[in-house]
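All remarks here apply to the structure that follows.
The values are calculated or read from the model by the stated rules, or taken from the named source; none is laboratory data. Computed from a predicted model, the values in this text were never measured in an experiment. In this analysis, Cβ positions are derived from the backbone assuming ideal geometry, glycine residues included, and neighbour counts consider all displayed protein chains.
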Amino acid sequence: MATAIPQINHSWDFLDKFQMETVFSPHEWQLLVSLIEKSEQAIKPHIEECHDWELRWEKRLRPLCGDQTTINWSKFRPLRRSREEDWSDWLAWLLETSQTGFFADSLFAEHMKCQPETFILPTVERETPLEGRRADIVISWKTKRMTHVEVKIGDENFDKTFETSIKPHKSAPDKNWNDFILIPGQSQEAWNETAQKYINDESANVTVILWDDVARGLRRCLWHERESVFWRAWAWVFCSVIEKELLGLEKLGRDSNHPKIQVILNWLSIMKINTEEKYE
């Protein structure tokens with residue numbers, strides 16, 4: 001037995017209850033237009049500076065195939081990117097094979113308070129087993145110093161970082177140890193919350209470095225061209241993937257409509273290099 005579908009009386013009478021009101025007067029709209037114009041004027045010098053640096057980098061990196069920010073890394077995968085271990089492998093290789101130590105100097109020197117020559121051709125171990133845990137990267141320098149680095153690309157379970165950080169020290173108690181954690185900028189708040197719980201624990205002294213620092217350090221090496229072409233080629237690939245996938249820095253086209261000022265400033269913080277810097 002079919003069920004009758006009740007008829008619905010469609011009516012537009014309910015619209016009579018609405019009244020059109022003027023939201024903005026012409027004067028108010030003009031104020032908004034004026035604010036937009038001023039914001040565009042304020043951001044314009046930063047956009048021009050950003051484009052200027054893009055051109056300088058394009059020229060500098062031309063021997064290494066120029067700009068790679070437009071490459072679709074999902075179709076060509078020289079670097080697997082699904083696990084933190086994949087990123088650690090590349091980072092460890094670049095640190096270990098650097099002939100100058102300038103890359104490691106960019107990341108660690110400020111915190112380790114040592115000379116640049118300390119960082120030349122270290123021994124780097126990956127996934128070192130430590131009493132039920134594994135240390136991502138353990139670096140032995142030419143001096144009596146050692147560095148432990150935990151690498152994160154999204155995992156914010158930072159309690160285990162502090163638990164792991166003191167374990168490598170037992171394997172070489174006569175060495176001077178420094179512990180670092182490498183995280184994306186968006187994980188800083190979560191890290192700070194966890195670190196507060198260990199603030200009075202002198203044995204859990206872990207220093208934060210950001211993936212932004214890695215990108216800046218790689219670009220520093222690329223600009224000054226002191227490493228081999230082979231090293232710089234792979235460093236440029238790694239740097240490009242970091243900038244695109246971890247830092248979210250898409251290429252800025254010259255026809256971009258009102259790009260966000262924060263994106264512009266982030267690009268400038270990565271691209272601006274001290275071009276007068278000299279190495280002995």
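When both residues are 6+ apart or on different chains and their Cβ atoms are under 8 Å apart, which pairs have a first residue that lies in the stretch 85-99 and is farther than 12 Å from Glu150 by Cβ, and a second that is small (Gly, Ala, Ser)?
Partner pairs satisfying both residue conditions: Leu94/Ala235; Leu95/Ala104; Ser98/Ala104; Gln99/Ser228.
If the Cβ limit is 6 Å and pairs must be 6+ apart or interchain, which residue in the stretch 169-194 that is touching a residue at least 24 places away in the same chain (Cβ under 8 Å) pairs with which residue that is aromatic (Phe, Trp, Tyr) and in a loop (DSSP other than H, G, I, E, B)?
As it stands, the answer is Trp191/Phe158; Thr194/Phe158, since those pairs meet every condition given.
Let's see how each residue does on (1) part of a helix (DSSP H, G or I); (2) touching a strand residue (DSSP E or B) at 6+ places or on another chain (Cβ under 6 Å); (3) under 21 Å from Met112 (Cα atoms):
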{"residue": "Gln186", "(1), (2), (3)": "yes, no, no"}
{"residue": "Ala204", "(1), (2), (3)": "no, no, yes"}
{"residue": "Leu222", "(1), (2), (3)": "yes, no, no"}
{"residue": "Trp234", "(1), (2), (3)": "yes, no, no"}
{"residue": "Ile270", "(1), (2), (3)": "yes, no, no"}
{"residue": "Asn274", "(1), (2), (3)": "no, no, no"}
{"residue": "Glu277", "(1), (2), (3)": "no, no, yes"}
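Taking the residues in the stretch 131-167 that are out of contact with any strand residue (DSSP E or B) (no Cβ under 6 Å at 6 or more places or on another chain) and among the acidic types (Asp, Glu) as candidates, determine which candidate is modelled with the lowest pLDDT.
Glu131
Do we find that Lys160 is of a type in the set (Lys, Arg) and more than 18 Å from the chain's Cα centre (by Cα) in this structure?
In short, yes.
Considering only residues that are assigned to a strand (DSSP E or B) and within 12 Å of Trp177 (Cβ to Cβ), which ones fall in the stretch 121-156?
Ala135, Val138, Ile139, Ser140, Arg145, Met146, Thr147, His148, Val149
Please work out if Ile209 is out of contact with any Ser or Thr (no Cβ under 9 Å at 6 or more places or on another chain) and closer than 30 Å to Val237 by Cβ.
So Ile209 fits the description; yes.
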